[in-house]
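These notes are about the structure you will find just below.
The values are calculated or read from the model by the stated rules, or taken from the named source; none is laboratory data. Since the structure is predicted, the reported quantities are computational estimates derived from the model, not experimental observations. Cβ: placed from backbone, ideal geometry, glycine included. Neighbour counts: every protein chain shown.
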Amino acid sequence: MADYVSILAHFIENAKIKTVLELGVGSGRSSEEILKALPIDSYLWSIDINSCLEAKERLKSFKKKWTFFSDTDDREIDSRFIPDVDMIFIDTSHTYEHTLMELEKFSGKALHWIFLHDTISNPEVTQAIEIFLQNDIKWAWAEWKHRFGMGLLMRINP
Ligand SMILES: C[S@@+](CC[C@H](N)C(=O)[O-])C[C@H]1O[C@@H](n2cnc3c(N)ncnc32)[C@H](O)[C@@H]1O
């Protein structure tokens, strides 16, 4: 069964995605796969509350197409710093309140897709999606039932 980063990479390549916002970098595994999958004239913006030194070191060759807001809480960042993007990938604390806040704060930046990791291993992510969808009819919802679960919101109304 496909790993979550393979799903992201495959999707980016096939849907011809050029701009991505990533919430949660950690060791940089997902950032690396996203950066490798994105074509040359494309861009990734990432946010993490920690410094993520390992990711910065490993991914320094991608700096032409990567802006990393490290040491930055996504609850605090002024969203005017974040441009509209084709796709958002959410993979942070996985708590209900935080995930719902992220969807409410950043979904307006996503032109087409929002991926959410760990929908099975962290049921609070799914709870947040369900509440978000009750209040926002612009999105349809699908899920990959792989090991930890990967959710996908697709914008169906402008
Ligand atoms: C599961 S790890 C990310 C893994 C990464 N996406 C990957 O696939 O390799 C979760 C990350 O979310 C970050 N995080 C947690 N709360 C955050 C917040 N409020 N704002 C920004 N980042 C946060 C943590 O510091 C951690 O690095």
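Would the stretch 108-117 turn up any residue that is part of a helix (DSSP H, G or I) and surrounded by fewer than 21 Cβ atoms within 10 Å (Cβ to Cβ)? Spell out how you get there, then give the answer.
Going residue by residue through the stretch 108-117, those that are part of a helix (DSSP H, G or I) are 108-109.
So of that shortlist, the ones also surrounded by fewer than 21 Cβ atoms within 10 Å (Cβ to Cβ) come out as 108-109.
Scanning the stretch 108-117 turns up at least one residue that is part of a helix (DSSP H, G or I) and surrounded by fewer than 21 Cβ atoms within 10 Å (Cβ to Cβ).
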(request) Please state which of the following conditions ARG29 fails to meet, knowing it meets all the rest: (1) within 8 Å of the ligand (Cβ to nearest atom); (2) crowded, with 21+ Cβ neighbours inside 10 Å; (3) not hydrophobic (A, V, I, L, M, F, W, C). (result) (2)
(request) Filter the stretch 88-107 for residues that are part of a loop (DSSP other than H, G, I, E, B) and over 10 Å from the mean Cα position of the chain (by Cα) and give the result. (result) SER93, HIS94, THR95
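Somewhere in the stretch 81-93, is a residue surrounded by fewer than 16 Cβ atoms within 10 Å (Cβ to Cβ), in contact with a Leu (Cβ under 7 Å, 6 or more places away or on another chain) and in contact (Cβ under 8 Å) with a residue 12 or more places away in the chain?
If we filter the stretch 81-93 for residues that are surrounded by fewer than 16 Cβ atoms within 10 Å (Cβ to Cβ), which is where we start, we get 81, 83-84.
Restricting the remaining residues to those that are in contact with a Leu (Cβ under 7 Å, 6 or more places away or on another chain) gives 84.
Retained after the next criterion (residues that are in contact (Cβ under 8 Å) with a residue 12 or more places away in the chain): 84.
Yes.
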(message) For the stretch 131-147, give me the residue count where each residue is buried (at least 17 other Cβ atoms within 10 Å of the Cβ) and within 15 Å of VAL5 (Cβ to Cβ).
(response) 1
(message) With the structure loaded, tell me whether ILE40 is in a loop (DSSP other than H, G, I, E, B), more than 10 Å from the ligand (Cβ to nearest atom) and either within 20 Å of SER6 (Cβ to Cβ) or at pLDDT below 95 (or both) or whether it fails that test.
(response) yes
(request) Return yes or no: is SER70 farther than 24 Å from ALA15 by Cα, more than 14 Å from the chain's Cα centre (by Cα) and small (Gly, Ala, Ser)? (result) yes
(request) Sort out which residues of the stretch 118-135 are touching a strand residue (DSSP E or B) at 6+ places or on another chain (Cβ under 9 Å) and not in a helix (DSSP H, G or I), and write them in order of number. (result) ASP118, THR119, ILE120
(message) So in the stretch 53-80, with the set limited to residues that are away from the ligand (no atom under 11 Å from the Cβ) and of a type in the set (S, T, N, Q), which one is surrounded by the most Cβ atoms within 10 Å (Cβ to Cβ)?
(response) THR67
(message) As an exercise: evaluate ILE17 against (1) under 27 Å from MET101 (Cβ atoms); (2) within 15 Å of the ligand (Cβ to nearest atom) and give the number of the one condition it does not meet.
(response) (2)
